[in-house]
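Have a look at the structure that comes next, please.
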């Protein structure tokens, strides 16, 4: 089979490799679509621990496909079923796994991160992923490209759950890339009162306003002043930083009102992750500061249910599709950030 494999920094190759063998408790997935994530691009640029010429890694953790083979001990799944695949797995027995947060397990593993992933014609799904419910059967109305986006949206779902985004909130999202737009889509689906979007790119904000009707672009150079005016002094109930910016994290506190919640969703580059925050704003406004990372199977399935029920439209986020043979072109296009989500379609 063909697969896009990482061999080191800047060295990703589409090459021929063996189709994975699966055991009695495992499933073989024939990949239908796999989307490119910012994490993939960082891994390609910087390499990844343990990955080298002798230990290549097949990338891709945003995956959908069709079950090609089930082991004789597998129950609940059948060959020919279209599915989406949640990537994160835990040991299954620690406190975090037992509480449902396998994505926070100290022995966390994930397709395309530290085990072979979805930029390949076939993916081996190990027994722990089968047992932990990482496979989500799809109904006929969801395209493979859309199903591949369940994963990033499930991370967004986790973040908004941490920050308790709820009906009638006023929400500001700083960052209008794919993740920022996903935050806007989910906030709208939750019935928030108003959504504001802020980005250094006017074009990005315009794109968000077009995709998520009713979103208000904040174009002023003075974010605090603009939000104060737009909310008649109330400020926002929730501010989400969906970009790798220390300035955005500092600004988030300034624009969040009494009893508000701040979500640091976008991580910061190493060496630029010390941020000066005005803690008096946290103190006197009773602000809650939240972080989030990855997503668990429940988050993934909640997103899948919303999409399959027609309450969340992810299809509009797919900007371009490429065959696996053109992976280098797909990665280059994704890196330019001209579109939203780039998908490898099989």
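The values are calculated or read from the model by the stated rules, or taken from the named source; none is laboratory data. Keep in mind that this is a model prediction, so the values were computed, not measured. Ideal geometry is used to build each Cβ from the backbone, glycine not excepted, and the neighbour counts take in all protein chains shown.
State all residues of region 257-276 that are buried (at least 16 other Cβ atoms within 10 Å of the Cβ), without any contact (Cβ under 8 Å) to a residue 40 or more places away in the chain and under 20 Å from residue 171 (Cα atoms); if no residue qualifies, say none.
257, 260, 264
Can you tell me which residue among 176, 129, 148 is in contact with a helix residue (DSSP H, G or I) (Cβ under 6 Å, 6 or more places away or on another chain) and either farther than 20 Å from residue 311 by Cα or buried (at least 24 other Cβ atoms within 10 Å of the Cβ) (or both)?
Residue meeting the stated conditions: 176.
Ok, one more. I'm trying to understand the selection: among the residues of region 59-111, which are in contact with a strand residue (DSSP E or B) (Cβ under 7 Å, 6 or more places away or on another chain) and in a helix (DSSP H, G or I)?
Matches in region 59-111: 102, 103.
While we're looking at this one, here's another question. For residue 144, are the conditions met, namely being touching a strand residue (DSSP E or B) at 6+ places or on another chain (Cβ under 8 Å) and under 20 Å from residue 30 (Cβ atoms)?
Yes; evaluated as a whole, the condition is true for this residue.
Still on this structure, I have one more. Can you tell me which residue is surrounded by the most Cβ atoms within 10 Å (Cβ to Cβ) among those in region 7-44 that are more than 25 Å from residue 154 (Cα to Cα) and within 25 Å of the chain's Cα centre (by Cα)?
Checked region 7-44; the qualifying residue surrounded by the most Cβ atoms within 10 Å (Cβ to Cβ) is 12.
Just to be sure before I move on: is residue 323 within 28 Å of residue 129 (Cβ to Cβ) and without any contact (Cβ under 8 Å) to a residue 40 or more places away in the chain in the structure I sent?
For residue 323, the condition - within 28 Å of residue 129 (Cβ to Cβ) and without any contact (Cβ under 8 Å) to a residue 40 or more places away in the chain - is met.
Could I ask something else about it? Quick check, is residue 147 part of a helix (DSSP H, G or I), within 16 Å of the chain's Cα centre (by Cα) and either assigned by TED's automatic domain parsing to the domain that holds residue 17 or at positive phi (or both)?
Yes.
When you look at residue 149, is it in contact with a strand residue (DSSP E or B) (Cβ under 9 Å, 6 or more places away or on another chain) and touching a residue at least 60 places away in the same chain (Cβ under 8 Å), yes or no?
Taking the combined requirement at face value, the residue satisfies it.
Does residue 227 qualify as being touching a residue at least 24 places away in the same chain (Cβ under 8 Å), surrounded by 22 or more Cβ atoms within 10 Å (Cβ to Cβ) and within 28 Å of the chain's Cα centre (by Cα)?
Judged against the criteria, residue 227 is a match.
Pick out, from region 220-332, the strands (runs of 3 or more DSSP E) lying fully within it that include 2 or more residues that are over 29 Å from residue 6 (Cα atoms) and in contact with a strand residue (DSSP E or B) (Cβ under 8 Å, 6 or more places away or on another chain).
In region 220-332, the matching strands (runs of 3 or more DSSP E) lie at 236-241, 256-264, 288-291.
Something else about it: Could you list, in sequence order, the residues of region 40-83 that are free of Cβ contacts under 8 Å to residues at least 12 places away in the same chain and closer than 25 Å to residue 304 by Cα?
Hits for region 40-83 are 75, 76, 78.
Here is a yes/no grid of residues against (1) under 21 Å from the mean Cα position of the chain (by Cα); (2) in the same structural domain as residue 86 (by TED's automatic domain parsing); (3) at pLDDT below 95; (4) not in a helix (DSSP H, G or I):
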position: 136; (1), (2), (3), (4): yes, yes, no, yes
position: 141; (1), (2), (3), (4): no, yes, yes, yes
position: 158; (1), (2), (3), (4): yes, no, no, no
position: 172; (1), (2), (3), (4): yes, no, no, yes
position: 176; (1), (2), (3), (4): yes, no, no, yes
position: 197; (1), (2), (3), (4): yes, no, no, yes
